[in-house]
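Note sheet for the following structure.
The values are calculated or read from the model by the stated rules, or taken from the named source; none is laboratory data. Please read these numbers as outputs of a predicted model, since none were measured by experiment. We place every Cβ from the backbone using ideal geometry, glycine too, and count neighbours over all the protein chains shown. SASA here: full protein model, heavy atoms, side chains in, ligands and nucleic acids out. Shrake-Rupley method; radii C 1.70, N 1.55, O 1.52, S 1.80 Å.
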Amino acid sequence: MLEIRDITKIYNPGTVTEQCLFRDFSLTVPDGQFVSIVGSNGSGKTSLLNIICGSIPTDGGDVLVDGKSIARQKDYQRYAAMGRVYQDPAAGTCPNLTMLENLSLADNKGRSFGLGRGVNKKRRDFYRQQLQSLGLGLEDKLDVKMGALSGGQRQAVALLMATLTPLRFLILDEHTAALDPKTAEVIMELTDRVVREKQLTAMMVTHNLRYAAEYGDRILMMSRGHVVMDRSGAEKAATSMDDILNMFNRISLECGA
């Protein structure tokens with residue numbers, strides 16, 4: 001179980017641009033839950049993900065996994081149990097390395113590299129099988145540099161890399177936002193399949209309200225560092241895109257956006 005307990009986050013403290021985004025903010029995410037997070041810009045969506053991953057410090061509170069604090073862990077330590085896919089398809093991959101080399105790096109996450117070769121050729125067939133499961137014809141492009149692939153292909157590989165080693169939490173930071181609609185649909189279907197097959201706890205920030213309605217088993221809407229909608233299970237399943245849009249518009253009006 002992932003727990004964010006009484007988190008406080010203040011940007012630019014002591015300056016004229018000081019902003020308190022979170023004040024005693026708490027959230028609990030049970031194991032195996034797929035959470036879709038929506039909200040306007042500045043609502044705290046990405047900051048929440050960054051706090052969970054340890055990318056930004058907090059000014060109070062705690063982050064716990066199974067009741068044990070990970071607040072003092074660095075981001076690279078937390079990634080032993082977490083995988084993250086970013087909005088930019090280039091952010092999670094190395095464009096000047098081949099797909100084989102990228103997958104080898106991901107496969108060695110958390111291990112000591114030493115002075116040996118980074119690529120294990122014995123794993124080549126395993127990587128081919130993993131790529132074949134994506135259904136994008138990438139299994140025959142292991143020796144192609146990542147930078148030569150399309151944005152959608154790179155994002156699919158980034159998703160595979162993020163989940164290649166055993167992990168518990170998958171963090172998705174608007175990972176379809178930079179893709180064309182058709183490719184975004186493919187990536188979302190792949191994401192849903194990976195989360196279900198690997199039984200991951202997933203948190204997905206998205207601006208696509210339809211994805212928030214259709215995917216996952218819990219939806220959160222955030223506004224100014226607060227959760228203004230929290231629906232899960234049957235209640236979430238009964239929530240339509242129009243329901244989300246109406247709430248989104250009402251909150252935007254109240255906030256003067």
Given (1) aliphatic (A, V, I, L, M); (2) without any contact (Cβ under 8 Å) to a residue 40 or more places away in the chain; (3) assigned to a loop (DSSP other than H, G, I, E, B), index of the condition LEU131 fails: (3)
Failed item, numbered, when GLY216 is tested on (1) touching a Lys or Arg at 6+ places or on another chain (Cβ under 8 Å); (2) open to solvent by less than 10 Å² (accessible area, probe 1.4 Å): (2)
Unique residue being touching a helix residue (DSSP H, G or I) at 6+ places or on another chain (Cβ under 6 Å), more than 23 Å from ARG250 (Cα to Cα) and not hydroxyl-bearing (Ser, Thr, Tyr) when the list is GLY54, GLY14, GLY60, GLY32: GLY54
Leading residue by the ranking (most open to solvent (accessible area, probe 1.4 Å)) among those in the stretch 183-212 that are more than 19 Å from VAL29 (Cβ to Cβ) and in contact (Cβ under 8 Å) with a residue 60 or more places away in the chain: HIS207
Some residue of the stretch 131-147 being touching a Lys or Arg at 6+ places or on another chain (Cβ under 9 Å), closer than 30 Å to ILE7 by Cα, crowded, with 18+ Cβ neighbours inside 10 Å and of a type outside the set (Ser, Thr, Tyr): no
Odd one out for MET161 among (1) surrounded by fewer than 20 Cβ atoms within 10 Å (Cβ to Cβ); (2) assigned to a helix (DSSP H, G or I): (1)
Whichever residue in the stretch 223-250 is in contact (Cβ under 8 Å) with a residue 60 or more places away in the chain and in a helix (DSSP H, G or I) and, among such residues, is least open to solvent (accessible area, probe 1.4 Å): ILE244
Qualifying residue in the stretch 168-182 (condition: open to solvent by 20 Å² or more (accessible area, probe 1.4 Å), more than 26 Å from GLY42 (Cβ to Cβ) and among the aliphatic types (A, V, I, L, M)): no
The stretch 175-215, residues that are among the small types (Gly, Ala, Ser) and either under 13 Å from the mean Cα position of the chain (by Cα) or in a helix (DSSP H, G or I) (or both): ALA177, ALA184, ALA202, ALA212, ALA213
